[in-house]
Amino acid sequence: QVQLVESGGGLVQAGGSQRLSCNVSGRTVTRFDMGWFRQAPGKEREFVAVIGSSGGPTFYTDSVKGRFTISRDNAANTVYLQMNSLKPEDTAVYYCAARNERGYMSFFRSQRSYDYWGQGTQVTVSS
């Protein structure tokens with residue numbers, strides 16, 4: 001079984017930065033597209049960012065463009081989400097997700113296209 005474990009969440013002041021990590025373990029069978037999703041209080045879970053299996057391409061939801069950067073270190077089996085200029089509205093539980101790579105990154109915003117999920121890590125941005 002593939003397991004994803006997020007780390008790096010916590011409390012940060014508005015305007016600050018935080019880096020989330022997602023470690024992937026288990027038997028590797030296929031190459032993965034890796035995504036980040038988040039769920040704010042009282043809201044539906046939404047797509048945040050995705051990165052292709054080889055480190056590209058990358059895509060972001062409009063609200064984080066220019067502030068967040070997704071990256072990966074395949075040798076370390078780790079995916080990162082660097083979050084800069086954080087806003088209170090970024091407060092959410094952040095989830096790491098993986099799926100078998102898809103051509104042209106098809107349906108990368110669709111939660112149902114991802115096969116494996118982490119347990120989530122809380123990010124709280126104070127005013």
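The values are calculated or read from the model by the stated rules, or taken from the named source; none is laboratory data. Keep in mind that what you see is a predicted model, and the values were worked out from it rather than measured. Cβ sites come from the backbone with ideal geometry, for glycine too, and all protein chains shown count toward neighbours. Surface accessibility is based on the protein's heavy atoms, side chains included, excluding ligands, DNA and RNA. Shrake-Rupley method; radii C 1.70, N 1.55, O 1.52, S 1.80 Å.
Tell me the per residue accessible area of the range 57-117 using a 1.4 Å probe; a whole number in Å² is fine. So the range 57-117 comes to 54 Å² accessible per residue, rounded to a whole number. Here the Karplus curve 6.51 cos²θ - 1.76 cosθ + 1.60, taken at θ = phi - 60°, turns the phi angles of the range 86-92 into couplings of 5, 10, x, 5, 7, 4, 5 Hz, with x standing for Gly and Pro. Carbon-plus-sulfur accessible fraction, the range 83-127 (probe radius 1.4 Å, protein heavy atoms only): 46%. Look at the dipole of the range 43-127 built from charges on Cβ: of Pro88, Trp117, Tyr104, the Cα furthest out on the positive end belongs to Tyr104.
Take each peptide in 64-72, 34-42, 108-116, count the other Cβ atoms within 10 Å of every residue, and average; sorted highest first, the result is 34-42, 64-72, 108-116. Using the Cβ-Cβ distance between Val2 and Arg67 with R0 = 41 Å, the FRET efficiency computed as 1/(1 + (r/R0)^6) comes to roughly 0.90. Contact order, relative form, for the range 1-101: 36 percent (alpha carbon pairs under 8 Å, 6 or more residues apart, mean separation divided by residue count).
The accessible surface of the range 1-71, taken with every protein chain in place and a 1.4 Å probe, is 46 percent carbon and sulfur.
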